[in-house]
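These notes are about the structure you will find just below.
The values are calculated or read from the model by the stated rules, or taken from the named source; none is laboratory data. Model, not experiment: these values are computed from the prediction. Ideal geometry is used to build each Cβ from the backbone, glycine not excepted, and the neighbour counts take in all protein chains shown.
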Amino acid sequence: MDIGKSLHDSSEYAKDVVWGKWVRWILLIFCTLFFPLLLGYEVEIYRGNKPAPDWCKLERFFIEGLKLFIIELIYAIPVIIAAVIFIGGGVVLAFSGSTRDILAMVGPILIGVLITLIVAIVIGLVEAMGVVRFARLGRMGEAFNFGAIFETIGKIGWFSYILAMIAMFIVVFIIAVILSFIPILGPILLFILAPALAIFAAQYITLIYDSVPTEAPPASPPAA
């Protein structure tokens with residue numbers, strides 16, 4: 001996939017959703033607080049809907065958003081377990097010994113954080129394709145169809161896929177960092193832009209998923 005083009009197209013998509021459409025933007029900001037609606041809006045984006053969905057099906061957004069939240073919660077379980085075992089274990093090791101050396105105390109905790117971060121990254125890579133499968137096929141179980149998910153990632157190419165996800169993370173991270181350095185207004189601007197960033201990420205993941213070439217239908221047999 002063309003990462004640069006996907007980043008550009010996703011930013012244009014997010015811009016078209018909110019810029020100049022102030023009522024929709026305000027609704028999306030409200031939905032940042034009432035998160036199932038925003039998640040439901042993301043599900044519609046994962047479905048590949050163009051133009052961006054409007055606000056005519058709030059009940060559907062809410063239900064689909066709750067389903068997506070449950071999926072994300074299930075995916076978070078291994079990360080939580082890893083944090084409890086490795087970070088929690090690191091804290092126990094750090095304070096159970098007689099040493100007061102800072103490196104000896106902090107080392108186990110940092111190792112635990114690193115292991116948990118690796119688990120979170122791996123889970124996130126799988127989850128991203130899983131939620132699109134859920135949106136496209138309409139069944140929550142498809143979000144955990146790991147065979148199909150790994151097949152999709154394999155067709156994209158693991159290296160290309162990881163590189164594409166890193167590019168998205170860097171863009172969102174840079175925007176968040178820049179805004180965080182603005183005194184007082186920074187957090188407010190970040191809150192206002194949060195829906196646009198979520199839409200950007202959802203569309204970008206959708207483009208990654210759709211970059212897998214679909215198989216051509218079998219040719220019709222020649223006429224007798």
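For the range 171-183: of the residues being without any contact (Cβ under 8 Å) to a residue 12 or more places away in the chain and under 22 Å from Phe35 (Cβ atoms), which is surrounded by the fewest Cβ atoms within 10 Å (Cβ to Cβ)?
Here is the first cut: in the range 171-183, the ones without any contact (Cβ under 8 Å) to a residue 12 or more places away in the chain are 173-174, 177-178, 180-183.
Cutting the leftovers down to under 22 Å from Phe35 (Cβ atoms) gives us 173, 180.
Working: Phe173: 10, Ser180: 12.
Among those residues, the one meeting the criterion is Phe173.
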Of the candidates Ile45, Ile74, the one satisfying the condition of being out of contact with any helix residue (DSSP H, G or I) (no Cβ under 6 Å at 6 or more places or on another chain) and at pLDDT 90 or above is Ile74
How many residues are surrounded by fewer than 18 Cβ atoms within 10 Å (Cβ to Cβ) and either at pLDDT below 80 or in contact with a Ser or Thr (Cβ under 7 Å, 6 or more places away or on another chain) (or both) when one looks only at the range 106-133?
2
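Checking the structure you have, find out if any residue of the range 184-201 is surrounded by 14 or more Cβ atoms within 10 Å (Cβ to Cβ), outside any helix (DSSP H, G or I) and of a type outside the set (Gly, Ala, Ser). Quick ask: steps written out before the conclusion?
Taking the range 184-201 first, the residues surrounded by 14 or more Cβ atoms within 10 Å (Cβ to Cβ) are 186, 189-190, 192-201.
Keeping just the survivors that are outside any helix (DSSP H, G or I) gives none.
No, the conditions are met nowhere in the range 184-201.
For every residue, the table says whether it meets (1) under 18 Å from the mean Cα position of the chain (by Cα); (2) polar (S, T, N, Q); (3) more than 14 Å from Val131 (Cα to Cα); (4) part of a loop (DSSP other than H, G, I, E, B).
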position: Phe30; (1), (2), (3), (4): no, no, yes, no
position: Leu37; (1), (2), (3), (4): yes, no, yes, no
position: Glu42; (1), (2), (3), (4): yes, no, no, no
position: Ile45; (1), (2), (3), (4): yes, no, no, no
position: Pro51; (1), (2), (3), (4): no, no, yes, yes
position: Phe61; (1), (2), (3), (4): yes, no, yes, no
position: Gly65; (1), (2), (3), (4): yes, no, no, no
position: Ile70; (1), (2), (3), (4): yes, no, no, no
position: Ile74; (1), (2), (3), (4): yes, no, no, no
So, Ile162, is that one closer than 25 Å to Ile71 by Cβ, modelled with pLDDT of 85 or more and surrounded by 17 or more Cβ atoms within 10 Å (Cβ to Cβ) or not?
no
Sort out which residues of the range 154-183 are part of a helix (DSSP H, G or I), more than 24 Å from Val126 (Cα to Cα) and not hydrophobic (A, V, I, L, M, F, W, C), and write them in order of number.
Ser180
Name the pairs whose Cβ atoms lie under 7 Å apart, with the first residue in the range 135-162 and among the aliphatic types (A, V, I, L, M), the second not in a helix (DSSP H, G or I), and 6 or more positions between them or separate chains?
Ala135/Arg47; Ile156/Met1; Ile156/Ser211; Ile156/Val212
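Can you give me the number of residues within the range 1-27 that are more than 21 Å from Met168 (Cα to Cα) and in a helix (DSSP H, G or I)? Full working, then the answer.
Residues of the range 1-27 that are more than 21 Å from Met168 (Cα to Cα), as a first pass: 20-27.
Subset that is in a helix (DSSP H, G or I): 22-27.
Qualifying residue count, the range 1-27: 6.
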Top-ranked residue of the range 27-63 - restricted to ones that are under 14 Å from Met140 (Cβ atoms) and touching a residue at least 60 places away in the same chain (Cβ under 8 Å), ranked as surrounded by the most Cβ atoms within 10 Å (Cβ to Cβ)
Val43
